[in-house]
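Q: Have a look at this one before I ask anything.
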Amino acid sequence: MTMIMDYLNTATILFFTLQFINVVLSTMKTVLTVKANKHVAMLINTITYTFYSGVVKLMTGQDMVVVLAVTFLTNVIGVYIAMFILEKAKKDVLWKIEVTVPREEMEDVLADARKLDIPFNYVDIEKYVLFNFYSATQKMSADLKEMLKNHNAKYFVVESKNL
């Protein structure tokens with residue numbers, strides 16, 4: 001028990017906290033460097049690498065077992081938390097969801113779509129019906145995806161981009 005208490009000193013708790021923040025920032029950096037604009041990428045890289053320098057400085061005073069255990073635990077937990085934060089921070093964009101259903105599904109899809117109150121138009125093409133849904137929120141998209149599971153639908157999604 002005293003061995004465990006020796007490892008749980010103030011420096012170890014500080015190291016765990018800083019390493020946890022480092023993992024969250026690094027995960028965000030990885031995602032934002034690819035998905036965000038160059039200004040956001042520059043900012044997150046600057047913050048992450050600067051913060052990491054402090055973690056490395058603190059790491060040099062830690063026992064190897066502590067460094068490995070803390071690094072493992074903070075990565076297991078921190079990546080999930082970073083992805084959760086990024087998903088919650090994601091802005092809503094307009095999506096066009098193009099859906100093809102067999103002609104016999106048309107009335108059911110129309111009824112379900114009207115219940116969801118998602119804007120759409122459609123074209124009846126012999127054996128198939130082509131629906132164009134326009135989703136402005138993540139909730140609309142999730143509701144539509146759930147609805148489409150109940151029909152024999154094929155679909156693809158296009159994100160609206162600013163020019």
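Q: Report relative contact order for region 2-89 in percent, whole number only (criteria: Cα-Cα under 8 Å, sequence separation at least 6). Could you put the intermediate results ahead of the total?
A: Numbers: 56 pairs, mean separation 38.3, N = 88.
With pairs under 8 Å counted, the relative contact order is 43 percent.
Q: Quick check on the chain: helices-only [θ] at 222 nm, where DSSP H runs of length 4 and up contribute -39,500 (n - 2.57) each and the sum goes over total residues. Nearest 500, please. Show your work: numbers first, answer last.
A: Numbers: 6 runs with 103 residues, N = 163.
One gets -21000 deg cm²/dmol as the mean residue ellipticity at 222 nm.
Q: Which order do Ser141, Ser135, Ser53 fall in if you start with the one that has the fewest other Cβ atoms within 10 Å?
A: Numbers: Ser141 18, Ser135 23, Ser53 10.
By the 10 Å Cβ count, ascending, the order reads Ser53, Ser141, Ser135.
Q: Counting just the Cα atoms, what span does region 2-89 cover along each of its three principal axes? Round to the nearest Å and put the largest first.
A: 49, 24, 16
Q: Take Ala36 and Asn150, extend 7 Å from each Cα along the Cα→Cβ direction, and tell me the distance between the two endpoints in nm.
A: With each label placed 7 Å out from Cα toward Cβ, I get 4.0 nm.
Q: Please list, in chain and number order, the residues 5+ apart from Val129 or on another chain whose amide H is under 5 Å from its amide H, with Hs placed from the backbone.
A: For Val129, the qualifying residues are Val101, Arg103.
Q: Okay, next question. Would you mind estimating how fast region 35-163 diffuses translationally, via Stokes-Einstein at 20 °C and 1.002 mPa s with the Kirkwood radius over Cα pairs, in µm²/s? Mind dumping the intermediate values first?
A: Details: Rh = 18.7 Å.
Estimated diffusion coefficient is 115 µm²/s.
Q: Whole number please: convex hull volume per residue, Cα atoms of region 95-159, in Å³. Could you put the intermediate results ahead of the total?
A: On the way: hull volume 4.5 nm³, N = 65.
Cα convex hull per residue, to the nearest whole number: 70 Å³.
Laboratory data are not the source of any read-out in this text; all were calculated from the coordinates shown. Because the structure is predicted, anything quoted here is derived from the model rather than measured. No Cβ is skipped: glycine too gets one built from the backbone with ideal geometry, and neighbour counts run over all protein chains shown.
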